[in-house]
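The values are calculated or read from the model by the stated rules, or taken from the named source; none is laboratory data. For clarity, every value in this text was computed on a predicted model and none was experimentally measured. No Cβ is skipped: glycine too gets one built from the backbone with ideal geometry, and neighbour counts run over all protein chains shown. Just the protein is used for accessible areas: all its heavy atoms, side chains included, with ligands, DNA and RNA removed. Shrake-Rupley method; radii C 1.70, N 1.55, O 1.52, S 1.80 Å.
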Amino acid sequence: MRVSSAMMINNYINAVNGNYATQAKYVEQNSTQQKLNRPSDDPVDYAKYLSYTTDDVENSQYTSNAQSAVSWMTASDNALTNIYQQFKTFIEQTNQAANGTNQTFDGSSTATQLLSILQETVSQANSDQGGRYLFSGQSDKTQPFTMSTDKVQRGLTKTLDENQSAFFGKTVSIGGVATKVDGGTQVNGMDQMLSLKGSDGNDYYLDPSTGYVFSKDFVQSGYKDKISTGQTSVTADDAVGRITLTSNSTLADLPKTAADLAAGNLNATTYADGGTYESLTTNVRKDFINKYFNTTNGAITDAGKALQTTGLSAGTSTTFSFNTVEQYVVSYAGDDNKISMVKLNGGVDTTRDSVNVTGSDMFGDSDIFGASHGTATLNDMLTVVAEMDSGNQNWLSSDGITLANNASNYLSEAQTGLASRSSAYSAAVTTLNDQNTVIQGNITDVNGINVAEVATKLLTAQTIYNISLAISKNVLPGTIADYLS
């Protein structure tokens, strides 16, 4: 076969171009330090490379989320630890005051110290990180806690101890028939009643879940005699009577006798069936809350101040009024929403992925008055301060210590929950870093280069290219050879 000069020239130019392309490829790889610079370099490996880089972006975002979460929760835990220590001091001083002798008891001085502790607590609870308040929920640009500058007149509670709760907190019965109404108003892990003053000079306790009024002596010790006879829970007969609001109120709708209850006679059209009767406790409490107390701060209303209830078995001439206490209150301006920083694939789980602690988590959602959202245990402690200031040592030795301990326990639960989630996020950071090592290895395997090998190949390609140019004078016409060289 005859080989023309044109064919020789074309073959030579193609070879030179091929050598140049090879040299250019190694130059690019050496410059970018990666094997794949475009899909056409290797379509299969390039698809793997895109998948690995997507994994890398996701991993980086999850790692950033987890690290931010750990930082946020570390700051939160520091603040909670400081508050917990303040609560311990509060409890110690309350115990000392409650158990001290009258000669050594200086309620006013101790109250000043306790108030200072709670003011510092509020300050710690307003901690922020990067301009975002730690304990405001998703309203993290709003300062969550504020203590009032003036005192308000709030209802005084009676907090039941463990034994009292076991007796009064069970289902109330009438003539041995259960009413399906639990006695004792349960709030923030406690059973409470409202303190009343009788016109006979004695104290009484009102259970707003049922409307029944009990003598102080029966709540304090008399119930124990009932237990000794085999009675395990409170009955309507144990009460001195029942407070009702109006003839159509839910309190008036409680069955009056065991026969009424057994027959399903609920004494009101509003409770004509068992389903609506199940909500009786909630509705009873709402009656008291809406009529007698401010649902924002627990302050007694004009109707509460004017309470004049007569006709109970304590004596037809006996009237009752609410015992109150003047105290400061703390309000919460945050919300109960969780801040989530997702650390894993899949949907958001606020229990698993939340990083914040809200006011309700720290200090309780509500009190017996339906007030103190997010500040219930703080306001209980401010009640302790007020009773301390008034020198009510007997109250401090029972209710005061109980309230202070409950506030500490409630906070401790919030700390435990935060620590558990913080541990999970710290573990996630370690896992994500390990995953990142694997992902980077995959990217290197599919797109990495051996620098020494590429350098050698580049030198070889340059040498071949230079040689091919050098022999061009034997193949190409002079003008073309001059141009190429």
field: Extension reserve of the Gln129-Asn337 stretch, reckoned as 0.36 nm per residue once the Cα distance is removed
entry: 73.1 nm
- prompt: So how much slack lies between Lys291 and Glu326, counting 0.36 nm per residue of separation and subtracting their Cα-Cα distance, in nm?
  reply: 10.7 nm
task: Could you check the simple spin-label distance between Asp150 and Thr437, using points 7 Å along Cα→Cβ, in nm with one decimal?
output: 6.5
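Based on alpha-carbon atoms only, what is the radius of gyration of segment 106-242 relative to the globular estimate 2.2 N^0.38 Å?
On the way: Rg = 20.4 Å, N = 137, 2.2 N^0.38 = 14.3 Å.
It is 1.43.
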- prompt: How far is it, in nm, from the label point at Ser199 to the one at Thr456 when both lie 7 Å from their Cα along the line to the Cβ?
  reply: 11.0
- line: Probe 1.4 Å, heavy atoms of protein chains only: per residue, the accessible area of segment 394-443 in Å² is 44
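Grab the Cα-Cα distance for Asp445 and Gln143, subtract it from 0.36 nm times how many residues apart they are, and report the gain in nm with one decimal.
Details: separation 302, 0.36 × 302 = 108.72 nm, distance 5.12 nm.
Stretched out fully, the Asp445 to Gln143 stretch lengthens by 103.6 nm.
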Distance between modelled label sites at Asp56 and Ala75, nm, 7 Å Cα→Cβ extension: 3.1
